[in-house]
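J.: Below: one structure in structure tokens.
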Amino acid sequence: MTINESIQKNLELFKQNSLQVIWQTGKNYYETAKEVVKPFENYGIKAFDFISHMDFAYAVADLVISRAGAIAISELCSVSKPVILIPSPNVAEDHQTKNAMTLVNNHAAVLVRDSEARQKLGPILIDLLNNIPEQQLLQENIKKISI
């Protein structure tokens, strides 16, 4: 819910910055997202309930926003994209934060806490997209972790 609400809150910011967005909402939020994204579809912002060919989505992405589950982390390391991680606080022993911190401590990802995502995700995303050297460093470091 947090990521979906954070994306929804920042649609106008994404439009103003000419960002193309592939937004995977999950089934429960899709109907809401489908409606709120209508005014932005001509600006390259699309919502999907599920992306069955995630490899294609990763291939076209300049940057990925994700939770920090083990499989997601593994995929993100493999595709070596700059990533903003928003660990879910609703998992056993806060393991997603631990997963994320492995990348953050190796300067391979940016962390946004779930409790701060609605306020901070948009500005952090724009700052990172405007900082090519930082993106390259994150990409290089996440690739090292993949190996």
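J.: Return the residue satisfying two criteria in turn: it lies in segment 71-96 and is over 15 Å from the mean Cα position of the chain (by Cα) and without any contact (Cβ under 8 Å) to a residue 60 or more places away in the chain, and of such residues it is farthest from residue 24 (Cα to Cα).
T.: 93
J.: While we're on this one: Whether any residue in segment 46-60 is touching a residue at least 24 places away in the same chain (Cβ under 8 Å), touching a Gly at 6+ places or on another chain (Cβ under 9 Å) and either buried (at least 17 other Cβ atoms within 10 Å of the Cβ) or not acidic (Asp, Glu) (or both) is what I want to check.
T.: Yes, that holds for at least one residue.
J.: I've got another one for you. Select from segment 109-138 the residues that are in a loop (DSSP other than H, G, I, E, B) and more than 14 Å from the chain's Cα centre (by Cα) and write down the one among them that is surrounded by the most Cβ atoms within 10 Å (Cβ to Cβ).
T.: 131
Rundown of residues vs (1) in contact with an Asp or Glu (Cβ under 9 Å, 6 or more places away or on another chain); (2) surrounded by fewer than 19 Cβ atoms within 10 Å (Cβ to Cβ); (3) of a type in the set (S, T, N, Q); (4) assigned to a helix (DSSP H, G or I), yes/no style:
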{"site": "65", "(1), (2), (3), (4)": "no, no, no, no"}
{"site": "68", "(1), (2), (3), (4)": "no, no, no, no"}
{"site": "73", "(1), (2), (3), (4)": "no, no, no, yes"}
{"site": "77", "(1), (2), (3), (4)": "no, no, no, yes"}
{"site": "90", "(1), (2), (3), (4)": "yes, yes, yes, no"}
{"site": "93", "(1), (2), (3), (4)": "no, yes, no, yes"}
{"site": "102", "(1), (2), (3), (4)": "no, yes, yes, yes"}
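J.: Yes or no: residue 9 surrounded by 12 or more Cβ atoms within 10 Å (Cβ to Cβ), outside the structural domain of residue 113 (by TED's automatic domain parsing), under 27 Å from residue 136 (Cα atoms) and charged (D, E, K, R)?
T.: no
The values are calculated or read from the model by the stated rules, or taken from the named source; none is laboratory data. Remember, it's a predicted structure, so these values are computed and weren't measured experimentally. Heads up, the Cβs are rebuilt from the backbone with ideal geometry, glycines too, and the neighbour counts pull from every protein chain shown.
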